[in-house]
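A short worksheet on the structure shown next.
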Amino acid sequence: MTSTAGVAGAPLLSFHDLTLGYGARASLRGLTGEVRFGDLLAVVGPNGAGKSTLLKGIVGVAALLGGRIERHRAAAIRDIAYLPQRAEIDTSFPISVQDFVAMGLWRRIGAWRRLGRAEDLRVDAAIAQVGLQGFEAVPIGRLSGGQVQRMLFARTVVQDAAVILLDEPCAALDERTAADLMTLVREWGREGRTVLATLHDLDQVRASFPRTLILSGGVPVAWGETARILTPDNLGRSRGAAGPEAGSPGASAPLREGPALRLAAAAP
Amino acid sequence: MIAALFGPFAEFAFMRRALVGCLALSLSAPPIGVFLVLRRMSLMSDAMSHAIMPGAAAGFLVAGLSVPAMTAGGLLAGMTVAVLAGLVARRTILREDASLAAFYLVSIAAGVALVSTRGSNVDLLHFLFGTVLALDDEALLLLGGVATVTLVWLAVAYRALVIECVDPHFLRLSGPASAVTHLSFLAVAVLNLVAAFQALGTLLAVGLMILPAVAARFWAESLPGLIAVAVLVAAVSSVAGLCLSYLYGLPSGPAIILSAGAVYGASMLFGRVGGLVRTGLPGRPGLSGNT
């Protein structure tokens, strides 16, 4: 396992009046704050709040339009494991689950070195850890949505990064898969890794993420300890800024926009 | 049957040269085609092959029907277009195929205009449909050289290329490998199109690249399987096309591409993976398995 290369609580990423976007269009404006080593930080907010943009900005996919990101030790882009939204993976490409998960070894073995026995074992262990045993040789196009997400988590396990960014890891997942994956996130937290995840389900946030950042309409609403931040007031402001769907401010209902999709037979 | 198969090749040197050239092309172009199809870039390969024409035509204006001059011109034009389109796709919101669609039309018009200023209609036909029965030493060396470079490149870049196809973000975050892989892929694709241009002309150059790759989708599910089937289809189509053209006096380039087209049609009907006949049968072991 990689050393997590820092003392819990030491600064990892500092945002200074950060503005991020695509082309010239800003999707996230005026974010100031600090991610610390060992944080499990949930980024919540309605669609279009700039959640994914923040993660993409940290890994340099979204453009830096203003302000700056200060990267402390172990926060170089190449040391970060970024788990994209499922839709960004071409699941019609003909490779097996095992080959896909082995992508996580890229930083270790590069383009040419062969997978040794140790690497094979790591890949198999990761596949088992996410509950996909028996699916090693299955083409990724035959997996359900939940299974694809499990596979993405397995690749992240193999990457063994100190900093992990998860973009919508629970979108359209059945409850059991979501619960399994959140268990893995809490484990990463115990191992001293830093995790940033965009989420919609506030129950998951409360259960697994000690810290929360609320965004709305491209601006930060609140950032701090989850218990103190996820207040009806903040949530109301978040929804209010998002537009007409603003619910009653007192509701602690999930931020998710619609009923969660249930994928049949997602868990193996 | 045997005589029909071997007769023309045993008897005529130009048939043997055509066969060697086509088999070299069959080794290199179909694997590239497989990746193009998987990345939904088949239309783009068509646009690139057209972009080669004005370059080759410029070489023709300078040095006549000389392989090195036309190849250099074609390479230059094709690479320029491919790299520009690649950069445009990476830097702007315009998708690669959209930016290439413009080149497609402009290039073919410019190419035809350029050739016509100096050449005859016969020259123009050579440009458009190739001269597979008149491959000289230089052309054969080009085809063989391109096949060699392509196979070596595939061996070197295979893993990175697969990752780049499945999850483009992943490599981009891991260093410069993504840009190198993408751009070198485009370069090798252009190289193959320039080689194919010698044999099949600008209008059919893509044929031996894309048709076998599309046909292979109906037979194989793994990437190595797809590549193997595509190479086989291209080689069989080459032999069949040359024989048919000899026996029935058909133009050779179109005969080869028609043969590949026939294999594609048969694959679509009878293919093991999602072929129409199979799909129509009840209780097929289909895509629903394993979930």
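The values are calculated or read from the model by the stated rules, or taken from the named source; none is laboratory data. Note that the structure is predicted; figures quoted are calculated from it, not measured. No Cβ is skipped: glycine too gets one built from the backbone with ideal geometry, and neighbour counts run over all protein chains shown. Protein only, heavy atoms only, side chains kept; ligands, DNA and RNA dropped before computing areas. Shrake-Rupley method; radii C 1.70, N 1.55, O 1.52, S 1.80 Å.
Points worth noting:
- A:Leu230 accessible area, 1.4 Å probe, all protein chains in place, Å² to nearest 10: 10 Å²
- Taking N as its residue count, the alpha carbon Rg of the range B:2-279 over 2.2 N^0.38 Å: 0.99
- Part-to-part distance (alpha-carbon centres) for the range B:104-131 and the range B:226-272, which is given in Å: 26 Å
- Alpha-carbon radius of gyration plus Dmax, which is the widest Cα pair, for the protein assembly as shown in Å: 27.6, 90
- Calculated FRET efficiency for the pair B:Val152/A:Asp203, C-beta based, R₀ 41 Å, to 0.05: 0.15
- Site pair A:Arg25 and A:Ile77 shows an inter-label distance of 2.2 nm when each label is modelled 7 Å from Cα along Cα→Cβ.
- Among beta bridges from DSSP that stay inside chain A, the antiparallel ones total about 55%.
- Think of it as helices only: each DSSP H run of n ≥ 4 in chain A is worth -39500 (n - 2.57), and spread over all residues that comes to -9000 deg cm²/dmol at 222 nm.
- Placing B:Val162, B:Val20, A:Val219 in order of accessible area, with the largest value first and a 1.4 Å probe, yields B:Val20, A:Val219, B:Val162.
- Relative contact order of the range A:111-253, defined on C-alpha pairs under 8 angstrom at six or more residues apart (%): 15 percent
- For B:Glu138, the solvent-accessible surface with a 1.4 Å probe is about 90 Å², rounded to the nearest 10.
- Beta-bridge orientation, the protein assembly as shown: approximately 55 percent antiparallel, per DSSP, counting only bridges with both partners inside.
- Full extension of the chain segment joining B:Asp136 with B:Val106 gains 7.8 nm, where the gain is 0.36 nm per residue of separation less the Cα-Cα distance.
- Note on B:Leu125/B:Phe270: beta-carbon distance plugged into 1/(1 + (r/R0)^6) with R0 of 41 Å gives a FRET efficiency of 0.70.
- Relative contact order (percent, whole number), chain A, Cα cutoff 8 Å, 6+ residue spacing: 26 percent
- Just the protein heavy atoms count here, and of the accessible area of the range A:59-201 at 1.4 Å, carbon and sulfur take up 49 percent.
- For the range B:2-279: relative contact order, % (alpha-carbon pairs under 8 angstrom, 6 or more apart): 27 percent
- Residue range of chain A that is longest and free of trypsin sites (Lys or Arg not before Pro) which are both DSSP loop and sparsely packed (at most 14 other C-beta within 10 Å): A:115-261
- Length gained when the stretch B:Glu221-B:Thr117 is fully extended (0.36 nm per residue, less Cα-Cα span): 32.6 nm
- Legend: calculated FRET efficiency, A:Glu191 to A:Arg68, from the Cβ-Cβ distance at R0 = 22 Å, rounded to 0.05, equals 0.15.
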